[in-house]
1. Criterion first (out of contact with any Leu (no Cβ under 7 Å at 6 or more places or on another chain), modelled with pLDDT of 95 or more, assigned by TED's automatic domain parsing to the domain that holds Phe213 and in a strand (DSSP E or B)) does Ile171 satisfy it?
2. Of the residues that make up region 45-62, is at least one in contact with a Ser or Thr (Cβ under 6 Å, 6 or more places away or on another chain), under 30 Å from Pro214 (Cβ atoms), surrounded by fewer than 18 Cβ atoms within 10 Å (Cβ to Cβ) and of a type in the set (Gly, Ala, Ser)?
3. Confirm whether Ile132 is over 30 Å from Leu223 (Cα atoms), of a type in the set (Val, Ile, Thr) and out of contact with any His (no Cβ under 6 Å at 6 or more places or on another chain).
4. Based on what the data block shows, is Thr63 assigned to a loop (DSSP other than H, G, I, E, B), assigned by TED's automatic domain parsing to the domain that holds Ser15 and polar (S, T, N, Q)?
5. Of the residues Phe207, Phe184, which single one is part of a strand (DSSP E or B), surrounded by 15 or more Cβ atoms within 10 Å (Cβ to Cβ), at pLDDT 95 or above and in contact with a strand residue (DSSP E or B) (Cβ under 8 Å, 6 or more places away or on another chain)?
6. For region 210-253, which positions are assigned to a loop (DSSP other than H, G, I, E, B) and in contact (Cβ under 8 Å) with a residue 60 or more places away in the chain?
7. May I ask you to list the residues in region 134-163 that are under 19 Å from Phe254 (Cα atoms) and free of Cβ contacts under 8 Å to residues at least 60 places away in the same chain?
8. Please count how many residues of region 3-44 are surrounded by fewer than 14 Cβ atoms within 10 Å (Cβ to Cβ), part of a strand (DSSP E or B) and at pLDDT 95 or above.
Amino acid sequence: MVFVDQLKRSLELPSLPKRIVSLVPSQTELLVDLSLESSIVGITKFCVHPHYIRKQKNIVGGTKQVNFSKIKALQPDIILCNKEENTKSIVSELEKFAPVHISDISTIQQCFELINMYGELFNVEAQAQQLIARIHKKRDDFRQRFAEPRLKVAYFIWNNPHMVAGSDTFINEMLSEAGFINVFQDDSRYPEIELNHPKLIEVDAIFLSSEPFPFKEKHVMDLKKQFPKKHILIVDGELFSWYGSRLLKSYSYFSQLHDEN
């Protein structure tokens, strides 16, 4: 069987994959919600959903540094990676002992595409379609309440240097989905900025993501000194950046953010 991943790479699988190594936390959660938990043999230390998964599966490293010998010893039938999370050199090494499927997601439609791909790859098409339908229902319910963008925001992902989410990112897509206007949506990827950047004057709110940099209340207070009239808050980074089944929780969270603003 020949499959094509989201980078248009072909991978050949002799049979249905029974042993899966996932090197992307959101994709690990997606596998579980597609009833594939028993097929997962290896995950990263950042795979925290479901909460018990790290106690039950082999930890093979992080997303940027992995233990190749440990992965090889697990004898995976397939390894799941992501263009942004895992480096080319990691993928090249992994391909020496197992087929590698790479996701590449910056839009909601690409997220649905990946869910469908996993449905086909692992023979769980019905579960994949049901999951997509549930996400659509959440999305439609949210859009009925919040049809138009309401607030301009800047979404910080890193501190010192200050980095924000720009275009061609799933975060930017989710800000739009959430009914916010990203003031850095015309800047590529994750631009590094200074706090005197003129676009910060435009914002109604500054979002500090809980990941990858773990912003805390002290960072909120520090920014308050510079932007006393802006609404500054820590937001759940998983619900803005994790594609897959975590989207089931995202739209309720977005409603809560609007109600609080």
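The values are calculated or read from the model by the stated rules, or taken from the named source; none is laboratory data. It should be emphasised that the depicted structure is a prediction, and the values quoted were computed from it without experimental measurement. Reconstructed Cβ throughout: ideal geometry from the backbone, glycine too, with neighbour counts over all protein chains shown.
1. Spelling it out, it is not the case that Ile171 is out of contact with any Leu (no Cβ under 7 Å at 6 or more places or on another chain), modelled with pLDDT of 95 or more, assigned by TED's automatic domain parsing to the domain that holds Phe213 and in a strand (DSSP E or B).
2. yes
3. yes
4. yes
5. Selected residue: Phe207, the only one of Phe207, Phe184 that is part of a strand (DSSP E or B), surrounded by 15 or more Cβ atoms within 10 Å (Cβ to Cβ), at pLDDT 95 or above and in contact with a strand residue (DSSP E or B) (Cβ under 8 Å, 6 or more places away or on another chain).
6. Scanning region 210-253 gives Trp242, Tyr243, Gly244, Ser245, Arg246.
7. His136, Lys137, Asp140, Arg143, Gln144, Ala147, Glu148, Pro149, Lys152, Val153, Ala154, Phe156
8. So the count comes out to 2.
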